[in-house]
Every structure is written in C-alpha cells, then in structure tokens.
Amino acid sequence: MSEDKAILVRNQWEKSGTKMLKMSKRPSCDSSSDGEISESQVVANIQKRMLHLAEVLELLHKIYCNNKELYGDRFLAFVGNEVVREWPWKDFPFISKKALDLLEKKESYEDITGKLPFEVKDKSTREVFKNLRYEHWTPISFFRDVFHQHDPIDKETYYHILIKYYRVVWITREEDDLLNKKHRSWRPTEVYDDLGIDIIQHDAWSNISDPSA
C-alpha cells in the first residue's frame, strides 16, 4: 500500500504542477486585514515556532547519537546551517544602542526592531545598513555543537536553549569588528557586556525569555 500511495502522490504532483512559493511574505498568523499585528503577538508566534524547532532538534539529536558513524560531521553542519539557521520566521531582531544612534542621526527612519532586513523598505533607513551588521548573538556553532557534546536532549531543554540563547541583533561595523577579533565562532554570554556592546532589550521578548523579569 505504501508503494501505491507513493506513486499516487507523484502522479498528483505531475497533474497539479509546481507550487509557487512566496518566501518573503509573512505567514498569515503574523498579519491581519490591515497588514499589522502587535509585536507581542508576533513574539508569541515566534515562541510557537521555537517549540516546533525544539521538537525537531530532539528527534535529530537522537538520530545523530544513534548513527554517528553513518553521518559523520556533515550531520552537525546540516543541523546548524540548514535547520537552526534556516528555520522560518523565528527571528526577532534586536538592535544595539550605537546602531540605534546611527539611525537617529537621520531626519526620519523606520524602526527595525523585530523586522527582518528585507522587510525594511524605508530608503533612508536602508542607507544606514552599510554601517551595520546583522549578527547572531550566539554563534550558530553552539546549537550545532550541542549534538556533539551531549547525549540526546529533550525538547523542553531545547526550547529553553533557543529562547534564552538564540537571537539576532543589529550592531555597528565597529562593534562587529570587536566581536570578531577573538569571538567570531566561540562567544561566552558575557562578551557583549565586556566589550561595551549595549543591546536594547524588548519587553515583548522579555515576557517569554524571562517571565520573572
């Protein structure tokens, strides 16, 4: 029956044709009839996506631990670059104080907190991007190396790993240079503070990443 179903699925695809993907359009849960919803609702949707990613990481970690000889290190690269990095619509970009200062020097600018780069349309705001960097707060290598350094981890733990340590930030080129001198791929949690890189916090995100705050 499974083989017959496989043939049926293929035939159905040949008749219906290729689906045209809208990669830059936000999912319907992130928008409303007037085009916008509150940042707190967007964050709540991201929280759900993190839960789903945690479920996938739990499964992949089990597969890797039971089949290291079958897959080797390429499996780790896949987890970091294709699963964690590319999981859709999970990013809620923060911004550093110095990056915001560069924006505020413009007569008018678009608030880029919580927006992905391609969603920023204002021309004067995009002009500032050449002096900014879009950076992972924690290197992707951390989420990859968890598979190598630990026995299988449950989805609840992965969820907290993602919520606490995965985020993207807009920083200045100078701040990025400071990070890359010694901490390009390995970065302790206190590095930003030690280097004087002040990341502006956001209440909507704090409500899920640190409910006690």
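For first residues located in segment 178-189 and more than 8 Å from THR138 (Cα to Cα), partners that are open to solvent by less than 40 Å² (accessible area, probe 1.4 Å) and charged (D, E, K, R) and lie 6+ apart or on another chain with Cβ distances below 9 Å form the pairs LEU179/GLU135; LEU179/ARG187. May I ask you to verify whether ARG144 is among the basic types (Lys, Arg), over 18 Å from SER209 (Cβ atoms), in contact with a helix residue (DSSP H, G or I) (Cβ under 6 Å, 6 or more places away or on another chain) and not in a loop (DSSP other than H, G, I, E, B)? Yes; evaluated as a whole, the condition is true for this residue.
Could you list, in sequence order, the residues of segment 172-206 that are more than 18 Å from the chain's Cα centre (by Cα), surrounded by 11 or more Cβ atoms within 10 Å (Cβ to Cβ) and modelled with pLDDT under 90? ASN180, HIS183, listed by residue number. Close contacts from segment 72-84, counting a first residue that is more than 14 Å from LEU53 (Cα to Cα) and a second that is surrounded by 15 or more Cβ atoms within 10 Å (Cβ to Cβ), with Cβ to Cβ under 6 Å and a gap of 6+ residues or different chains, come to PHE75/TYR64; LEU76/ARG144; LEU76/PHE147.
Scanning segment 160-171 for residues that are open to solvent by less than 10 Å² (accessible area, probe 1.4 Å), modelled with pLDDT of 95 or more and assigned to a helix (DSSP H, G or I) yields a single hit, LEU162. Scanning segment 4-27 for residues that are of a type in the set (A, V, I, L, M) and outside any helix (DSSP H, G or I), which turns out farthest from GLU119 (Cα to Cα)? Among residues in segment 4-27 that are of a type in the set (A, V, I, L, M) and outside any helix (DSSP H, G or I), the one farthest from GLU119 (Cα to Cα) is MET20.
Every test in (1) of a type in the set (S, T, N, Q); (2) outside any loop (DSSP other than H, G, I, E, B); (3) under 26 Å from ILE37 (Cα atoms) is passed by THR157 save one, and that test is (3). Per the conditions (1) of a type in the set (S, T, N, Q); (2) part of a loop (DSSP other than H, G, I, E, B); (3) within 30 Å of ASN66 (Cα to Cα), the sole criterion not satisfied by THR189 is (3). Residues that are touching a helix residue (DSSP H, G or I) at 6+ places or on another chain (Cβ under 7 Å) and surrounded by 13 or more Cβ atoms within 10 Å (Cβ to Cβ) number at least 2 in the following helices (runs of 4 or more DSSP H) confined to segment 45-132: 73-78, 97-104, 123-128.
The values are calculated or read from the model by the stated rules, or taken from the named source; none is laboratory data. All values derive from a computational prediction rather than experimental measurement. Backbone-built Cβ (ideal geometry, glycine too); neighbour counts: all protein chains shown. The protein model used for the area step is the full one, side chains on, heavy atoms only, and it has no ligands, DNA or RNA in it. Shrake-Rupley method; radii C 1.70, N 1.55, O 1.52, S 1.80 Å.
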